[in-house]
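Participant: Supplied in structure tokens, the structure appears directly below.
Read the figures in this text as sums done on the coordinates, not as results from a lab. In this text the structure is predicted, and so the values were computed from the model without any measurement. All Cβ positions, even for glycine, are placed from backbone atoms using ideal geometry, and neighbour counts span all protein chains on display.
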Amino acid sequence: MNLYCQSCGMPMQTSDLFGTNQDGSANQEYCCYCYKDGAFTSDCTMDEMIDHCIKYLNEFNNASDTQFSKEEAIDKMKTYFPTLKRWKEAKAE
């Protein structure tokens, strides 16, 4: 499985990480932390999501071959997040 949350960019390697639609079915576009029961779990801006995600940098670095500094990770997210569905749609509104 090579799916990434279209809100926070988290890899969703198992189905238990999928968010849920309003009818309880799995949503493969968003993770369980960002999307539940057919709605986003938090009403935030892209920059607020980046601020939230940076809190998990140590976990990411521990699970990755790449080691990012906080500044490098923020720069990468500011480039990557605008390509994700949630933030593309927010920009289009």
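Participant: Suppose every Lys and Arg Cβ carries +1 and every Asp and Glu Cβ carries -1, with no other charges. What dipole size does the chain come out with about its Cα centre, to the nearest 20 debye?
Facilitator: Once rounded to the nearest 20, the dipole reads 140 debye.
Participant: Which entries of K55/K78; K70/K91; K36/K78 show an alpha-carbon separation above 23 angstrom in the structure shown? Before the final figure, lay out each step's value.
Facilitator: Numbers: K55/K78 15 Å; K70/K91 25 Å; K36/K78 25 Å.
Flagged as over cut-off: K70/K91; K36/K78.
Participant: Would you compute, from DSSP H runs of 4+ residues alone, the mean residue ellipticity of the chain at 222 nm, taking -39500 (n - 2.57) per run and dividing by the full residue count, rounded to the nearest 500? All intermediate terms of the calculation are to be shown ahead of the outcome.
Facilitator: Values: 4 runs with 33 residues, N = 93.
After summing the helix terms and dividing by the residues of the chain, the value is -9500 deg cm²/dmol.
Participant: Points 7 angstrom from Cα along the Cβ direction at K91 and K55: gap in nanometres?
Facilitator: It works out to 2.6 nm between the two label points.
Participant: Over the C-alpha atoms of the chain, what are the Rg and the largest Cα-to-Cα span, Dmax, in Å?
Facilitator: That works out to 13.3, 40 Å for Rg and Dmax.
Participant: For the pair Y80/T20, report the inter-label distance in nm, with labels modelled 7 Å from Cα in the Cβ direction.
Facilitator: Those two pseudo-labels are separated by 2.7 nm.
Participant: In Å, what Kirkwood hydrodynamic radius results for region 54-93 from the alpha-carbon pair distances?
Facilitator: For region 54-93, inverting the mean 1/r across all distinct Cα pairs yields 11.2 Å.
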